[in-house]
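What follows is a set of notes on a single structure, which appears directly below.
The values are calculated or read from the model by the stated rules, or taken from the named source; none is laboratory data. In this text, all values refer to a predicted model and were calculated from it rather than measured experimentally. No Cβ is skipped: glycine too gets one built from the backbone with ideal geometry, and neighbour counts run over all protein chains shown. SASA here: full protein model, heavy atoms, side chains in, ligands and nucleic acids out. Shrake-Rupley method; radii C 1.70, N 1.55, O 1.52, S 1.80 Å.
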Amino acid sequence: MESQEKPTFEHINERLREIGRQVEDEGMPLDDALDLFEEAVQLGMQASSLLEEGIAARDAAEDETAQMGDAPARTAEESI
């Protein structure tokens, strides 16, 4: 994957699963396991950001639709 290309949630999920399989190897050197852990943390942060962006986009679209009168606006409790 190119460095300027934004990873998809699916790509991140697959890489995290791959990391999980790799660290199951009890013979893996500690330094390698720590490198994979650091990568997994970064991937988790990227996945969280993607999910937050998706939720924000969905909420904005719903609010826009509600303002047009097509659907009722969501309350704060419904957003949780």
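Restricting the range 55-80 to residues that are modelled with pLDDT of 80 or more and aliphatic (A, V, I, L, M) leaves a set whose member that is most open to solvent (accessible area, probe 1.4 Å) is Ile55.
Contact map, the range 45-63: first residue of a type in the set (Asp, Glu), second residue modelled with pLDDT under 90, Cβ cut-off under 9 Å, separation 6 or more or different chains; pairs are Asp59/Arg74; Asp59/Ser79; Glu62/Ala71; Glu62/Ala73; Glu62/Arg74; Asp63/Ala73; Asp63/Arg74.
Whenever a residue of the range 27-43 is closer than 28 Å to Thr8 by Cα, its partners that are surrounded by 12 or more Cβ atoms within 10 Å (Cβ to Cβ) and at pLDDT below 95, lying with C-beta atoms within less than 6 angstrom and at least six residues away or across chains, give the pairs Ala33/Val23; Leu36/Val23. Take Glu18 and decide whether it is open to solvent by 80 Å² or more (accessible area, probe 1.4 Å) and either of a type in the set (Asp, Glu) or touching a strand residue (DSSP E or B) at 6+ places or on another chain (Cβ under 9 Å) (or both). It is false that Glu18 is open to solvent by 80 Å² or more (accessible area, probe 1.4 Å) and either of a type in the set (Asp, Glu) or touching a strand residue (DSSP E or B) at 6+ places or on another chain (Cβ under 9 Å) (or both).
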